[in-house]
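Novice: First the structure, then my questions, so here it is.
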Amino acid sequence: MPASVDNASRNPAPFVDQRPNGPGISKIDPSDPAAPMYRLLAKMRSPVTLRDLMIHPVRTGYIGQEQPIAATELPKSAAELYPDIGVREVAVPSPAGRIRCQVFSPPASSSAGGPRPMMLYLHGGGFTVGQSEDTAYITSRIAAENTMVVVSANYRLAPEWPFPACLDDCLAVLQWMRKNGATLGGDGTRIAVGGDSAGGNLAAALVIKARDEGVSPPQATVLLAPITDFFFEQHESFERLAPLGIVYDTAFIGFIRGAYLVHGENWAHPHASPARADLRNYPPTFIATGTADPLVDDNRAFAQKLRAAGGEKVEHFVRGGMPHGFYFFPGMFEQGDEAFAAVARFLKQAGAA
C-alpha cells in the first residue's frame, strides 16, 4: 500500500475510528415481534441499550467535557516539552478504510545519517476511549530520547467495533510501516511496538497476530502496564486492588471486557489474551508496572511465561506504590522518569534504537 499523507478536510471519507454503525451497535428491527417493547424502552432511556448508555459517561468523563480543567492545573504539553519533535498526520490505507496516525519525528539533525528506527505506538483507554493526542507526551518523549520515528495509531474502538477490529487496524499500520517507513525517515526493518494499558494488550497481541498471519513481527515490545490475560480474577493483586480502584476498577474492567470481547469464548483467544499464546520466539520485551496497579500480578506472570518460553531479554520494571499510568504525566513522579530511562536502555540493548 502506498504512503498517503492527508487530513479529513482534504478527504471526506471518515477515518476508521470515526465510522458509525459498527457491528457492535444494537438495532431495532421493525419486523421483530418484540419491537413494540423496544420502542417503549427507547422512550424511557437514551441511548436505548445499556451498553451504549454506559459508554457515554465513560467517554465524556474521560476527556473532561463535564468539568473542564484550567490550563494552570495541567502539566506542560508535549509540544511545550518537546518543541523539536515534529508532528504530522498520516492516513494509512487498510481494508476497513483510512487509519489516522500521528507521526512523531526527531529533527533530521539528530539522526546519525540514514533511516531511524521506528515504533508503532498504541494508546490506552480500555479499548473504548482514547486517541493518539492523549499519549502525545509518551510518544514525543520516546521519539526524543531514542531518536525514533513513532507512529501513533487511532484504531477502531469498542463497543461499536469489537474484537478483533482494532487489532486488524494495528496489523495494517505495522504492514504499512514495513513498506513505507522510508517516507517518514524511518527504517521499515527496525520496528518496535509499544502501548499503554489496553494499548499494551494490543502491542503484546500484535506480535502473535503478525506471526499467525505470516507478517514479520516487531523486533521488540514496550508494554506499559498491559492487560495480557482477560481472566483478571485469577490474580491476587487484581482481587485486592481493583474493587475500589481509582484509575480503574472492577466495574470498568468488567465493562470493557464485555464491550471489547463480547463473547466469553474470546477471553482465552491468544490475540486477546497473549499470555495464553505460544510465546516461543517472542521478541525482547519491556514491561513497566507499579505495585499499586491491579495488573501487577498479570504483568509479572506474563514476564515469567516469556522467560519460560525461552525469552532471553525480558525486563519487568516495577516501582513500589505506583498506580496504573504513573508514567503518564510529566514531572509528577520521579519513578515515571526512571521508567522512560529504562525504556531507552532496553531499546538500545535490544538493538531497536
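The values are calculated or read from the model by the stated rules, or taken from the named source; none is laboratory data. Fair warning: this is a prediction, and the values are worked out from it, not measured in the lab. Positions of Cβ are generated from backbone atoms using ideal geometry, with glycine treated the same way; all protein chains shown enter the neighbour counts. In case anyone asks, the SASA skips ligands and DNA or RNA and just uses the protein heavy atoms, side chains included. Shrake-Rupley method; radii C 1.70, N 1.55, O 1.52, S 1.80 Å.
Novice: Determine the pairs where a residue that is within 21 Å of Ala301 (Cα to Cα), located within segment 233-261, has a partner that is charged (D, E, K, R) and not in a helix (DSSP H, G or I) with Cβ atoms under 6 Å apart, the partner being 6 or more residues away or on another chain.
Specialist: Ala242/Asp249
Novice: Anything in segment 73-107 that is among the hydroxyl-bearing types (Ser, Thr, Tyr) and over 17 Å from Ser132 (Cα atoms)? List them, or say none. So that I can check it myself, show each step before the final result.
Specialist: In the first step, residues of segment 73-107 are kept if they are among the hydroxyl-bearing types (Ser, Thr, Tyr); the result is 77, 82, 94, 105.
Hit for segment 73-107 is Ser94, nothing else.
Novice: Next up: Going by the structure shown, is Leu202 of a type in the set (A, V, I, L, M) and crowded, with 22+ Cβ neighbours inside 10 Å?
Specialist: Details: of a type in the set (A, V, I, L, M): yes; crowded, with 22+ Cβ neighbours inside 10 Å: yes.
So Leu202 passes the test.
Novice: Separate question: Can you pull out every residue in segment 208-219 that is surrounded by fewer than 17 Cβ atoms within 10 Å (Cβ to Cβ) and assigned to a loop (DSSP other than H, G, I, E, B)?
Specialist: Scanning segment 208-219 gives Glu213, Gly214, Val215, Ser216.
Novice: Among the candidates Leu306, Leu279, single out the residue that is among the hydrophobic types (A, V, I, L, M, F, W, C) and part of a helix (DSSP H, G or I).
Specialist: On the way: Leu279 fails: part of a helix (DSSP H, G or I).
Sole residue among the options that is among the hydrophobic types (A, V, I, L, M, F, W, C) and part of a helix (DSSP H, G or I): Leu306.
Novice: To continue, here is another question. Gly200 versus (1) in contact with a strand residue (DSSP E or B) (Cβ under 9 Å, 6 or more places away or on another chain); (2) more than 14 Å from Leu120 (Cα to Cα); (3) part of a helix (DSSP H, G or I): which is the lone unmet condition?
Specialist: (2)
Novice: Scan segment 119-140 for residues that are under 15 Å from Pro83 (Cα atoms) and surrounded by fewer than 24 Cβ atoms within 10 Å (Cβ to Cβ) and jot them down.
Specialist: Here is the first cut: in segment 119-140, the residues under 15 Å from Pro83 (Cα atoms) are 136-140.
The answer is Ala136, Tyr137.
Novice: So the check is Cβ under 7 Å with 6+ separation or different chains; which pairs have a first residue in segment 308-331 that's farther than 17 Å from Asp298 by Cβ and open to solvent by 40 Å² or more (accessible area, probe 1.4 Å) and a second one that's part of a loop (DSSP other than H, G, I, E, B) and of a type in the set (Gly, Ala, Ser)?
Specialist: So the pair list comes out as Lys313/Ala350; Gly321/Ala292.
Novice: Any idea which residue in segment 220-236 is surrounded by the most Cβ atoms within 10 Å (Cβ to Cβ), counting only those that are part of a loop (DSSP other than H, G, I, E, B) and in contact with a Phe, Trp or Tyr (Cβ under 8 Å, 6 or more places away or on another chain)? Spell out how you get there, then give the answer.
Specialist: Within segment 220-236, the first condition is being part of a loop (DSSP other than H, G, I, E, B), and the residues that meet it are 225-231, 235.
Next cut, in contact with a Phe, Trp or Tyr (Cβ under 8 Å, 6 or more places away or on another chain) only: 226, 228-231.
Details: Pro226: 32, Thr228: 24, Asp229: 24, Phe230: 23, Phe231: 14.
The selected residue is Pro226.
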